[in-house]
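Okay, structure first, notes after.
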Amino acid sequence: MTEAKNIQATSKEEETTVKPNLRAIFVAILTVAFLALFSPGLASAEDLDISRKESYDQIQAWAKEPVDTAKFKKDPPYRVGLAAGYLSNSWILFAAQYVRYEVSLHPEVKELLVTDAGFNPAKQAADIEDLLSKNIDLLLFWPVDEKAIMPALQKAADKGVVTVNIGYNFMHHPAVTANAYVNQWEQSTEAARRLAESLGGKGRIFAMLPIAGSSAAVVQLAALKDVLKQYPNIELASVEYGDWNRAKAKQLTENLLQRFDRIDGVFSPAGQMSMGVFEAFDEAGRLDELIMSPGDEYNGWAKLVKRTGAWGGVTSGLEVAREAVKHGLAILKGEPVSNAVIVQTRYMTPEETAKLYQAGRPDDWWPAELPEAWLPK
Amino acid sequence: MRERIRAIFLGGGGIHTALAIIIVLATAFVPEFRHPDNIVNVLNQSATLAVLAIGQTFVIAAGLIDLSVGQLMSLVAVLISDLMAGRSALALPAFCLGIAVGTSIGLVNGVLLNILRIHPLILTFGMLSVLQGITFLYTDRSIGQVSPEFLRVASGSFAGIPFSLVIVIVLASTAHGALQRTRFGWHLQAVGANEENARRAGINTRGIKLVAYGISGLSAGLAGMLLAGRLGTGYPNAGSGFELDAIVAVVLGGTSLAGGRATIPGTLAAVLILAIASNMLNLLEVPAFGQMVVKGFIVIAAILLTQRRAAAV
Amino acid sequence: MKHVALDLNFGRRMLQEHAVWFVLLLLLAVAALVSSAFLRPSYLLNTLRQAAPVGITAIGVTLVMILRGVDLSVGAVISLAAVLCAVLMDGQAHNIAPAIALTCIAGAAIGLANGLLVAFNRISPFILTLGTAIIVYGLTQIQSGGTARGIVAPGFREFLNGRIGGVLPVLSLALILMALLGIFLQSTTRFGRSLYLIGSNPDAAELSGVPIRRVMVLAYTLSGFCAALGGIALLARTGVSSTYAGRGYEFDVLAAVVLGGTTFAGGRGGVGGTIAAVLVLFIAFNLVSLAGLQFPAQLLVKGAIIIVASAAYEAIKR
């Protein structure tokens, strides 16, 4: 009993002597922190606002700038690394296969190493560091996040490695040697415009977008809003983030169907999610209300378009991955190239879209000029 | 036979033997591993998890758990990056903010635990959702930029020694000292071993649990800042998944999930093993899709080899 | 006087053991204030359909947690099951039955592996099932090759996602049947009684000759089996079989099981409470999304609901 009391007594002493010091420090830290929170903000570093139309003229201008390929010129054989931010959707998987296929057509490439960061920016940074340890000459990548990848890219640039960004976001930075870019603004405005016209300029719609915060989502929403400025009688009732996930898109749509007793149209450029939206309307028996925006070349969407004969698609620019390889190798060989190779997208009528449907393939599939051996397994 | 193999591992602290083995394997079979640049890389890559796992060691040793730290890391990374916007002048205030936010939220966890008396797993899982919501209300995309000092600390070195290594060693020694040589540390492990007995012995169990969560939050704040330094910016999902890695590291390292024993060196060894394993997989060009399976097998093997015959939790 | 005291005690005990049902009724009352649509039986049946993947999986995890274990690999098993089932079906209707059967066997096999590892090594199931989850996710990744592989056969989704007689959704019926099976298992069989005994007092169980290891192995096997069924249900609902389909489910399932009364201490609770808790969670989420809250706010509310509901539950029990 006394022992317990002693322990208690001494621990209390310890606590009383230790506590004020810790407390004082903590309070000091809190004070500085509070002051920090309310400090006036200065303009931050140069940031391209991809939600503004003007940015895309800027991108076109940048794309034409020449690259100083002389400083990158090397003799073959070359080692190429692909640091994929993620390999978890079919489009990106096809893109990766396009890279593999294109590399196989170039005998001057000795080896291709592929890493997958699984949407983890810290892992992508580690992957790039590891690829650099393997002495690659060319680094192809699509970032988990354009800003979070910068310190790792800087390391690559410092080592004289050519870096090429693939995909839907344009990176203008000394550490990014070149871009292989799909102009998503065009793609999204086209889809938005077609939807608005199909609606006859009026009605209530909602938007089904990819992962919140991704450049795809930001651009698609901005493009939609830009187009809607010319259609004041169209109400954008809700913006949902389906994460390119058909199941999630369906669930979100089910909720919206419960909230609103009439929905006239849906803006959903990603065919994969459009399927989920369609199913939700179908199961609720409200298919007759629905007009959808054009989707893309997703096989499941093509199947749907074939069935309904409506809505069409906009190409998604899968070839951009092949162009990236060609562009990067050209830089290594010292050929004169510009900053970016841009892959244009275009609208496809419902008939064209329906023709893309490949019956023997899963829904989660894309039309590609890949020989059988190179298709995803 | 199995018992003999086990004896080798459990004898000298299984995890350290496992670490020695994996280092030998890596050095022998992976040529790029030995390169000093790569060693520095591995140390930098593992520093974030190491800091987080140190905090989680305290919590687990107290018989609790903290699932919210990954998201707390993300929140801190976002806040400090947004504040700094690349300016060195705000580096110190940002640092203070990171510590303040981390520790405060950790303490909130502790207070809620003591008042509401919910199971720590459920409480911190709920907190994880809450923090996710807060983070994404603040921003849905990467925001802000860290100052050059943060970048240097996270990835730079001095005389060949990475700054991050120094940070980890300092934190680890402090933690180890606190756990093994102070009354607080003994009381913490006593609470973890048997809370009821500890309470009867006069230990302020509620206070201990509160401080344990405070430490967990503090380490999440520090880890979040280190992560922001690695990425250069505040990415709202940056810390996602780190909490489970930290828990695995702590348990593999020898701290019992049921609470009681705590070992900081064990935790560090486990963190290193995980980092070296990832590094090896990349350098050995193991295909991207096979890496997860291999990692899983390594974890299971480590579990089977290093876990004592403790009662299941 | 004695009668009154007895009644009060009985009432309190009822409240303690079945707290989650009271929470559910309370929630339904709140929901009814928002919209009378919530009281329609079709709404409840629809919610059960939405909740089928989580609910069916939670039944298996409940059994494991009664005996003081835990299974964190269920999310991974759900993903694997969805992918495997779709791949095996390969678009042919006559493949449906064998595909489902093989998928269930695969899930049970993983559960068996978990059970054997836990029972014969006495390692913390928390860590162990975390480890097997990584392996299973990895296997799923390899199987799926990153895409949502496999072709769902015609008729599979239409049937499972449809309604019997235009009223009763098949998946809801499946969930109800599984729940009844689970309740039957836990209440009437010797296996079920062993679960409770081992969970509440392992030493006493051992002394009274209960084959602890066998019971553990069976419990984990059932958990894997239920998770596989959950994955098939997910495939039916969504037609999606991607690598990460089931990610995060393990913690939602865990929250439901604990809210339902089966705590980590083991030896109490049961499948009935779990189903009620699953309903509570899904109705709450529905309410939240109906309120039109943005996604981050929904996360906030989800976390708050879990904390508040658990706290309320703990308060009721005292």
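Descriptive notes on the structure:
- In the elastic network of chain A, a GNM with C-alpha springs shorter than 10 Å, the most mobile of A:Phe260, A:Phe170, A:Phe119 is A:Phe260.
- When the helices of chain B are scored as -39500 (n - 2.57) per DSSP H run of n ≥ 4 and the total is divided over every residue, the value at 222 nm lands at -24500 deg cm²/dmol.
- Percentage relative contact order, the range C:54-270, counting C-alpha pairs under 8 Å, at least six apart: 46 percent
- In this entry, the protein assembly as shown is assigned a mean projected area of 43.4 nm², taken as a quarter of its C-alpha convex hull surface.
- Relative contact order of chain A, pairs being alpha-carbon contacts under 8 Å that are 6 or more residues apart, as %: 20 percent
- Panel note: the C-alpha atoms of the range C:78-237, placed on their principal axes, show extents of 54, 40, 21 Å (largest first).
- Pairs with C-alpha atoms separated by more than 31 Å, drawn from the list A:Lys134/A:Lys248; A:Lys123/C:Lys302; A:Lys73/A:Lys147; A:Lys229/A:Lys326; A:Lys134/B:Lys295; A:Lys248/B:Lys295, are A:Lys134/A:Lys248; A:Lys229/A:Lys326.
- Most fluctuating residue given options C:Gln50, C:Gln141, C:Gln294, as computed from a GNM of chain C linking Cα atoms under 10 Å: C:Gln294
- Placing a label point 7 Å from the Cα of A:Thr308 along the Cα-to-Cβ line, the residues of the range A:356-377 whose backbone N sits under 17 Å from it are A:356-357.
- Rough spin-label spacing in nm, given labels placed 7 Å along Cα→Cβ, for C:Glu158 and A:Lys333: 5.4 nm
- Choice from A:Thr308, A:Thr69, A:Thr353 with maximal GNM fluctuation in chain A (Cα, 10 Å cutoff): A:Thr308
- Two-decimal Rg/Rh across the range A:185-314, once Rg and the Kirkwood Rh are taken from alpha-carbon atoms: 0.92
- Each Cα pair under 8 Å and six or more residues apart adds its sequence gap; the mean of these over the residue count of the range A:118-194 is a relative contact order of 25 percent.
- Exercise: per-residue mean of other protein chain Cβ atoms within 10 Å, A:361-368: 5
- Relative packing of A:84-92, C:253-261, C:223-231, which averages over residues the other C-beta atoms within 10 Å, highest first: C:223-231, C:253-261, A:84-92
- Averaged over peptide A:285-292, the number of partner chain Cβ atoms lying within 10 Å of each residue's Cβ comes to 0.
- Between A:Arg361 and C:Ser208, the C-beta separation translates, for a Förster distance of 45 Å, into a calculated FRET efficiency of about 0.15.
- Taking the convex hull of Cα positions in the range B:173-285, its mean projected area over all directions (nm²): 8.4 nm²
- For the range A:281-377, GluC sites (Glu not before Pro) are listed when DSSP marks them as loop and at most 15 other Cβ atoms sit within 10 Å of their Cβ; the list is A:Glu369.
- Computed over the range B:42-262, Cα set: Rg, Dmax in Å: 16.9, 52
- Kyte-Doolittle at least 1.6, axis length at least 24 Å by Cα - qualifying DSSP helices, chain C: C:96-121, C:170-188, C:271-290
- The mean number of Cβ atoms from other chains found within 10 Å of a Cβ in peptide B:276-283 is 3, as a whole number.
- log10 of Debye I(q)/I(0), alpha-carbon scatterers only, for chain C at 0.09, 0.10, 0.11, 0.16 Å⁻¹: -0.47, -0.58, -0.70, -1.37
- Debye-sum result for chain A in log10 I(q)/I(0), which assumes one identical scatterer on each alpha carbon, at q = 0.08, 0.10, 0.12 Å⁻¹: -0.51, -0.71, -0.93
- Spin-label model, B:Arg117 to A:Thr31: label points 7 Å out along the Cα-to-beta-carbon direction sit 4.0 nm apart.
- Burial ranking of peptide ranges B:61-72, C:120-131, B:31-42, B:238-249 (average Cβ count within 10 Å, highest at the top): B:61-72, B:238-249, C:120-131, B:31-42
- Taken over the range C:22-106, the ratio of Cα radius of gyration to 2.2 N^0.38 Å equals 1.49.
Each reported figure results from applying straightforward, stated rules to the coordinates on display, with no laboratory input. Model, not experiment: these values are computed from the prediction. In this analysis, Cβ positions are derived from the backbone assuming ideal geometry, glycine residues included, and neighbour counts consider all displayed protein chains.
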